[in-house]
Amino acid sequence: MIHYHGGPITPDTAALKAWKGRHAFISYEHPAQLALASEVTQSFALDNGAFSVWSKSKENRSDWSGYYEFVARWMNHPRFAFAVIPDVIGGTGAENDALLDEWPHGKFVGAPVWHMNEPDERFIRLCHEWPRVCIGSMGEYDAKKPRSCRAKLRDLISNVVDKNGYPISHLHGLR
């Protein structure tokens, strides 16, 4: 398992200590340390910042063009790992699937988000279609209730593993 250390971490000297030789997760909402992370980490991933925006205003971003340009700027960097595809916090599977259709950078670069309150079938489908899937907590499966999250994942994982018991898609937990 790869643990991505989220930023920002202040001061920069603390970020350097946390990230050197490790992995960083940089939000579009807080990109100031991306250049530092890109120089000292084994790899870095880009987060779309949807949760940051939603937690402040309880509203979702509707225009993702700036994020798409942000990803385009970094996606060919040798240490770039993946970018979280935009998602609608509290939205439906259909709303989030619409954002997958809009994603301009392909399946190798992007990782869709499945929220734990969305249908299980969507998670299974995403794992069969994408090389990496992000798992977001939501509703009754809030990250503050880890037992319910673990129980749900324990039931679902059997649907997305190979004959050796390994996941068919890389899974990245959010929050």
Tell me which of His30, Ala50, Tyr67 sits at the most positive position along the dipole axis of region 1-102, charges placed on C-beta atoms (Lys, Arg +1; Asp, Glu -1).
His30
Grab the Cα-Cα distance for Ser148 and Thr10, subtract it from 0.36 nm times how many residues apart they are, and report the gain in nm with one decimal.
46.4 nm
Counting only protein heavy atoms and a 1.4 Å probe, tell me what percentage of the chain's accessible area is made up of carbon and sulfur.
53
How high is the FRET efficiency between Phe80 and Lys17 when r is their beta carbon distance and R₀ equals 25 Å, given to the nearest 0.05?
0.70
Any chance you could give the angle, 0 to 90 degrees and rounded to 10, that helix 65-74 forms with the longest Cα principal axis of the chain?
60
Net lengthening on full extension, His128/Glu69 (0.36 nm per residue, minus Cα-Cα):
18.5 nm
Which value, in debye to the nearest 20, describes the size of the charge dipole of the chain about its Cα centre when Lys and Arg Cβ atoms bear +1, Asp and Glu Cβ atoms bear -1, and nothing else is charged?
800
Given Cα pairs under 8 Å that are at least 6 residues apart, what percent is the relative contact order of the chain?
14
Average accessible surface area per residue within region 18-157, 1.4 Å rolling probe, Å²
48
Using θ = phi - 60° and the Karplus form 6.51 cos²θ - 1.76 cosθ + 1.60, what ³J(HN,Hα) does each residue of region 33-46 get, whole Hz, x for Gly and Pro?
9, 5, 4, 4, 4, 5, 8, 10, 8, 6, 7, 9, 10, 10
In nm, to one decimal, how far is the Ile168 label point from the His3 one, both placed 7 Å along Cα→Cβ?
3.1
For Ile85, what residues show an amide H to amide H distance below 5 Å, using hydrogens built from the backbone and excluding near sequence neighbours?
Ala111, Val113
Using only the Cα atoms of region 46-175, build the gyration tensor, take square roots of its eigenvalues as a ≥ b ≥ c, and label the shape rounded, prolate or oblate: rounded if a/c is under 1.5, else prolate if a/b is larger than b/c, else oblate.
oblate
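The values are calculated or read from the model by the stated rules, or taken from the named source; none is laboratory data. Because the structure is predicted, anything quoted here is derived from the model rather than measured. Every residue, glycine as well, gets a Cβ built from its backbone with ideal geometry; the counts of neighbours run over all protein chains shown. Surface accessibility is based on the protein's heavy atoms, side chains included, excluding ligands, DNA and RNA. Shrake-Rupley method; radii C 1.70, N 1.55, O 1.52, S 1.80 Å.
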